[in-house]
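*Asks:* Below is the structure I would like to discuss, written out as structure tokens.
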Amino acid sequence: RDFFDAIADGTDITRSKPDPEVFLCSAAKIGMAPADCAVVEDAKAGIQAAKAAGMTALALFGDARGCGEEDYDLTSFSDLLNIL
């Protein structure tokens, strides 16, 4: 918890991914516009939720990689350095 400014999880939402509710809740909790947020996901439903929220979708692991809806397809966390 010391590493995060806010946490949004299933207790904060009523709709699961691919609905964007959890990501929109997260953005609101930290006072960021969705367009200024990026989501790292390992599931296609998460990529779909990020895109529906208007956020940049970064695919890492799982069926998120190569799903065709991600903005970036990452092979490791170090790939984030090339994007940021």
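The values are calculated or read from the model by the stated rules, or taken from the named source; none is laboratory data. Worth saying up front: this structure is predicted, and the values here are computed from it rather than measured. Reconstructed Cβ throughout: ideal geometry from the backbone, glycine too, with neighbour counts over all protein chains shown. In case anyone asks, the SASA skips ligands and DNA or RNA and just uses the protein heavy atoms, side chains included. Shrake-Rupley method; radii C 1.70, N 1.55, O 1.52, S 1.80 Å.
*Asks:* Please give me, ordered by residue number, the trypsin sites (Lys or Arg not before Pro) of region 1-65 that lie in loop per DSSP and have at most 10 other Cβ atoms within 10 Å.
*Replies:* On the way: sites: Arg1, Arg15, Lys29, Lys44, Lys51, Arg65; in loops: Arg1, Arg15, Arg65.
Passing both the DSSP loop test and the Cβ count: Arg1, Arg15.
*Asks:* Another question, then. With the dipole of region 22-84 worked out from charges on the C-beta (+1 for Lys and Arg, -1 for Asp and Glu) around the Cα centre, which of Ile30, Asn82, Ala45 lies farthest toward the positive end?
*Replies:* Of Ile30, Asn82, Ala45, it is Ile30.
*Asks:* Hey, what's the chain come to in accessible area per residue, 1.4 Å probe, Å²?
*Replies:* For the chain, the solvent-accessible area averages 63 Å² per residue.
*Asks:* Which of [x] 17, 51, 26, 6, 0; [y] 20, 58, 21, 1; [z] 20, 49, 30, 1 is the computed P(r) over Cα pairs in 10 Å bins from 0, in percent for the structure on display?
*Replies:* This structure yields the entry labelled [z].
*Asks:* Consider a paramagnetic label point 7 Å from the Cα of Ser78 along Cα→Cβ; state which residues of region 56-72 have an amide N under 16 Å from it.
*Replies:* none
*Asks:* Evaluate the charge dipole of the chain about its Cα centre and quote only its size in Debye, nearest 20, assuming +1 on the Cβ of each Lys and Arg and -1 on the Cβ of each Asp and Glu.
*Replies:* Using Cβ point charges on Lys, Arg, Asp and Glu, the chain gives about 140 debye.
*Asks:* Mark the label point 7 Å from the Cα of Asp36 along Cα→Cβ and return the residues of region 1-29 whose backbone N is within less than 18 Å of it.
*Replies:* Residues 5-7, 23-29 qualify, since their backbone N sits under 18 Å from the label point.
*Asks:* Follow-up question, since we're still on this one. For region 5-68, which whole-number percentage of the solvent-accessible area (1.4 Å probe, protein heavy atoms only) is attributable to carbon and sulfur atoms?
*Replies:* Details: 1730 of 3370 Å².
Solvent-exposed carbon and sulfur of region 5-68 make up 51 percent of the total.
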